[in-house]
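Notes for the one structure printed next.
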């Protein structure tokens, strides 16, 4: 039986990957040490998700509590699994734009050095395994802000006759812009994964994600805006909108749709490819539009305030163009729109969110 190795296996993309491939008969080995708790506090812990995976897939899923920066531990794991490894999904990361600036060393070693450790282990012990990396649109820095945007009532937008109307493609430059420390560390990893594909002829693929989200997201103030926004709306917690008049636009892709894209690559791999991956024109919103939709889904108003100070290097408008991926893999279909995504997220999490709120109130 082939083995799928998933790093960050209790996180949003990792857990979706575990479930997807376990349900299809693969043995899945997950690597996760719940660093998300360290980054963002106990409410962001992924322990609940790990326990759920172990309960759902007791035979198919093996959990390994390890740090991707621990080269010896990662190498030993791959040595033990050997050429049985058919697919590696590297989703472990320090994922926050803002947190990275508080500890650049940890951010860089997790995102860049950790990626190198996993790549080397795969190259040494399973060089034919397909290697999928979850990068980020932050590799483009704030270059998207140079686009000729128009201010509308509820969002910033781009003209319909502009080449980027359908979204930003992979040709946008990744240097000469402000990225955030997080964006810089992810660029290092992004280019490294490409290089292992081109230099060592490994079947690697980089997915530069827009806003990745879904019901398995442990959304928190510093990462996972849509999940955290819906959570705040559902349980009555205050929320602060940061800059751009609340009209900044993001596309949002459901983790399941992203993992089905991974599967397309797994079944027909290439070497060193890069793909933008996001909600596209099918699933995008401004912050103001997201608030209105969350209020409608949750059936209550959000307690929110506004500050003019935006995050350094943040995007005013970003929608992903997935035309390149769709050309390479025409069988892939995007299943979720924004409302369907939010409704599923609410239904599967509202009771847990309320329980967490009540537990904090009792302390």
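Since every read-out is calculated from the coordinates, none of them should be taken as a lab result. These numbers were taken from a predicted model, which means no experiment stands behind them. Note: ideal-geometry Cβ built from the backbone for every residue, glycine included; neighbour counts use all protein chains shown.
Which whole-number percent is the relative contact order of the chain (Cα, under 8 Å, 6+ apart)?
Values: 775 pairs, mean separation 66.2, N = 363.
Relative contact order, the chain: 18 percent.
For each of 337, 263, 107, count neighbouring Cβ atoms within 10 Å of the residue's Cβ, then give the residues from fewest to most. Could the numbers behind the result be given before it?
On the way: 337 14, 263 17, 107 24.
Final ranking by Cβ density, sparse to dense: 337, 263, 107.
Between residue 201 and residue 307, the FRET efficiency estimated from the beta carbon spacing at R0 = 45 angstrom works out to 0.35. Per-residue Cβ neighbour counts within 10 Å put 134, 62 in the sequence 62, 134, beginning with the fewest. Spin-label pair residue 327-residue 292: with each label point 7 Å from Cα along the Cα-Cβ axis, the two points sit 3.5 nm from one another.
Using 0.36 nm per residue of separation minus the Cα-Cα distance, give me the extension gain between residue 160 and residue 188 in nm, one decimal. Could you put the intermediate results ahead of the total?
Details: separation 28, 0.36 × 28 = 10.08 nm, distance 3.36 nm.
Gain on stretching residue 160 to residue 188: 6.7 nm.
Among 86-92, 306-312, 26-32, 350-356, the peptide with the highest mean count of other Cβ atoms within 10 Å heads the list, and the full ranking is 86-92, 26-32, 350-356, 306-312. Each 10 Å bin from zero holds the following percent of Cα-Cα pairs in region 3-362: 5, 26, 36, 24, 8, 1. Rg/Rh, computed from the Cα trace of region 119-262 with Rh as the Kirkwood radius, has the value 1.01.
For the pair residue 173 and residue 65 in one chain, pulling the backbone fully straight at 0.36 nm per residue adds 35.2 nm over the alpha carbon distance. Summarising the label geometry, the points placed 7 Å from Cα in the beta-carbon direction at residue 51 and residue 300 lie 2.4 nm from one another. Considering region 156-207, its Cα convex hull presents a mean projected area of 5.2 nm². The ranking of 230, 51 from fewest to most other beta carbons within 10 Å of each one's beta carbon is 51, 230.
When shorter helices are ignored and each DSSP H run of at least 4 residues is given -39500 (n - 2.57), the per-residue value for the chain at 222 nm works out to -12000 deg cm²/dmol. Distances between every pair of Cα atoms in region 305-363, grouped in 10 Å steps from 0 to the bin holding the largest one, split as 15, 21, 32, 24, 8, 1 percent.
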